[in-house]
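Notes follow once the structure below has been shown.
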Amino acid sequence: KAGVTQTPRYLIKTRGQQVTLSCSPISGHRSVSWYQQTPGQGLQFLFEYFSETQRNKGNFPGRFSGRQFSNSRSEMNVSTLELGDSALYLCASHPDGRQGSYNEQFFGPGTRLTVL
Amino acid sequence: KQEVTQIPAALSVPEGENLVLNCSFTDSAIYNLQWFRQDPGKGLTSLLLIQSSQREQTSGRLNASLDKSSGRSTLYIAASQPGDSATYLCAVAYSGAGSYQLTFGKGTKLSVIP
């Protein structure tokens with residue numbers, strides 16, 4: 001089985017621009033989560049999608065948004081980029097989003113976003 | 001709010017040594033706990049998952065234990081090798097979140113010296 005894939009792997013943007021990142025989960029996985037990793041804050045939860053619905057959102061401003069498609073692929077968007085948005089953005093998928101199920105998370109390689 | 005702490009932040013050991021990495025969490029109402037490995041600039045590789053009802057899990061030279069009541073987990077690495085050098089992250093899934101969300105520690109950076 002192919003793992004979680006993320007595109008692009010690297011991005012350089014300037015302040016004020018917007019960016020869209022893409023994530024394809026492992027085949028059969030219905031739940032996708034996004035995390036931001038920075039040296040100062042570590043890994044922080046952005047949001048989780050299950051069956052095209054956002055089920056939970058972390059403590060990030062509204063500039064961060066996402067969506068999930070019917071094939072479980074997910075995108076996240078950051079508008080009006082700030083220098084502090086420079087980070088590694090990681091996507092994770094799990095086999096089944098229902099609570100009570102075995103829910104090991106598998107992560108993709110990440111997208112390294114640099115904001116100049 | 002769940003908080004996860006990993007001690008030490010960095011660890012350097014000679015090859016062949018056995019070692020223990022520590023993880024503590026503030027809210028014992030967890031769904032499960034997962035240990036990951038991260039190589040520089042890369043994504044996370046899942047090492048072990050322990051369900052809240054389990055006490056330990058083993059995979060090869062790795063053994064992870066979980067004590068929910070005291071809010072602690074340990075990752076034991078036997079006979080360390082230079083290839084084990086990486087950052088090790090502990091993450092807990094909170095059962096009261098209404099969805100599946102991991103809270104991470106800041107990690108322990110391990111260096112195994114040949």
Residue set B:THR103, B:THR87; condition part of a strand (DSSP E or B), in contact with a strand residue (DSSP E or B) (Cβ under 9 Å, 6 or more places away or on another chain), at pLDDT below 95 and open to solvent by less than 40 Å² (accessible area, probe 1.4 Å); output residue B:THR103
So the strands (runs of 3 or more DSSP E) completely within the range B:1-62 holding 2 or more residues that are loosely packed, with under 12 Cβ neighbours inside 10 Å, away from every other protein chain (no Cβ under 11 Å) and not polar (S, T, N, Q) are B:10-14
**Study point:** Qualifying residue in the range A:65-83 (condition: acidic (Asp, Glu), in contact with a Lys or Arg (Cβ under 9 Å, 6 or more places away or on another chain) and at pLDDT 95 or above)
**Key:** yes
So the strands (runs of 3 or more DSSP E) completely within the range A:10-58 holding 1 or more residues that are at the interface with another protein chain (Cβ under 10 Å from one of its Cβ atoms), open to solvent by less than 10 Å² (accessible area, probe 1.4 Å) and in contact (Cβ under 8 Å) with a residue 60 or more places away in the chain are A:31-38
Subject >> A:SER70 outside any loop (DSSP other than H, G, I, E, B) and among the polar types (S, T, N, Q) >> reply: no
- Is it true that A:ARG67 is within 14 Å of chain B (Cβ to nearest Cβ), of a type outside the set (Ser, Thr, Tyr) and surrounded by fewer than 18 Cβ atoms within 10 Å (Cβ to Cβ)? no
Of the candidates B:TYR76, B:TYR94, the one satisfying the condition of being in contact (Cβ under 8 Å) with a residue 12 or more places away in the chain and within 14 Å of chain A (Cβ to nearest Cβ) is B:TYR94
For A:VAL78, the lone unmet condition from (1) within 14 Å of another protein chain (Cβ to nearest Cβ); (2) in contact (Cβ under 8 Å) with a residue 12 or more places away in the chain; (3) under 28 Å from B:THR87 (Cα atoms) is (1)
Could you please let me know if B:GLY43 is in contact with a Pro (Cβ under 7 Å, 6 or more places away or on another chain) and at pLDDT below 95?
yes
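The values are calculated or read from the model by the stated rules, or taken from the named source; none is laboratory data. Please read all numbers here as calculations on a predicted model, not as lab measurements. A quick note on method: Cβ atoms are made from the backbone with ideal geometry, for glycine too, and the neighbour counts reach across all protein chains shown. Just the protein is used for accessible areas: all its heavy atoms, side chains included, with ligands, DNA and RNA removed. Shrake-Rupley method; radii C 1.70, N 1.55, O 1.52, S 1.80 Å.
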